[in-house]
Amino acid sequence: MIRAGLVVAAAAALVLGPAAPGFAATTTTGDVSAPWGDRARVEFTWTDRTAIEGGTLTVSDLTCDDAPVYAVVTALTGSGATIPLATTARTAGCGQRAERKLARVGDEAGVRQVTLSLCRPAAGAAGAACVTPYRATNPYGGFGGFRF
């Protein structure tokens, strides 16, 4: 009788698959230091493979050179879209700081990755000089319809 019960339980597990995990939200923090000396920090929460919510982006002007600096956070979705989550105001001056709240983002195809870039506007029409050394990959998968 016990053996039959174990066989039935094992067969049910194979047919039904593993129980859906009770995902707990995962808070992620990332820091970027640019070669020129300024810093940025992002903190946000992965809620599951399809969304992130909450969070802040902070940029600190530490170079005391009066050159503007700003930070940008984006999310890459499973469908290939890049979605801006926040951009800080440009700040220039020794010890100046700017902070922004991150927008919530969700995508049925998943949120694959979040990046943090620290930028300085370039002179003239050259655009901006940015460094993007911080990339966070979704701990819940976030890759299209694939599940890990």
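The values are calculated or read from the model by the stated rules, or taken from the named source; none is laboratory data. As the structure is a prediction and not an experimental result, all values here were calculated from the model. Note: ideal-geometry Cβ built from the backbone for every residue, glycine included; neighbour counts use all protein chains shown. Areas reflect the complete protein model, heavy atoms only, side chains present, ligands, DNA and RNA absent. Shrake-Rupley method; radii C 1.70, N 1.55, O 1.52, S 1.80 Å.
With respect to the numbered conditions (1) open to solvent by 60 Å² or more (accessible area, probe 1.4 Å); (2) modelled with pLDDT of 90 or more, which one is the sole condition not fulfilled by A86? With (1) open to solvent by 60 Å² or more (accessible area, probe 1.4 Å); (2) modelled with pLDDT of 90 or more applied to A86, the lone miss is (1). Taking the conditions (1) open to solvent by 60 Å² or more (accessible area, probe 1.4 Å); (2) touching a Gly at 6+ places or on another chain (Cβ under 7 Å); (3) part of a loop (DSSP other than H, G, I, E, B); (4) under 29 Å from A25 (Cβ atoms) in turn, E108 satisfies each one other than (2). A search for C-beta distances below 9 Å between a residue of region 89-106 that is closer than 12 Å to D38 by Cα and any residue that is part of a strand (DSSP E or B) and open to solvent by 90 Å² or more (accessible area, probe 1.4 Å), counting only pairs 6+ apart in sequence or on different chains, returns T91/R97.
Only one of the numbered conditions (1) in contact with a strand residue (DSSP E or B) (Cβ under 7 Å, 6 or more places away or on another chain); (2) farther than 12 Å from R39 by Cα is not met by R49, and that is (1).
Being closer than 21 Å to P133 by Cβ, modelled with pLDDT under 90 and either under 11 Å from the mean Cα position of the chain (by Cα) or of a type outside the set (V, I, T) (or both): is that true of A12 here? It would help to see each step written out before you state the result.
Numbers: closer than 21 Å to P133 by Cβ: no; modelled with pLDDT under 90: yes; either under 11 Å from the mean Cα position of the chain (by Cα) or of a type outside the set (V, I, T) (or both): yes.
Taking the combined requirement at face value, the residue does not satisfy it.
Applying the condition of being over 18 Å from S117 (Cα atoms) and assigned to a strand (DSSP E or B) to region 23-44 and asking which residue is least open to solvent (accessible area, probe 1.4 Å) yields T26. Among the residues making up region 53-86, a single one is among the hydroxyl-bearing types (S, T, Y) and free of Cβ contacts under 8 Å to residues at least 24 places away in the same chain: T82.
The condition of being in contact with an Asp or Glu (Cβ under 7 Å, 6 or more places away or on another chain) and part of a strand (DSSP E or B) holds for only one of G93, G55, that being G55.
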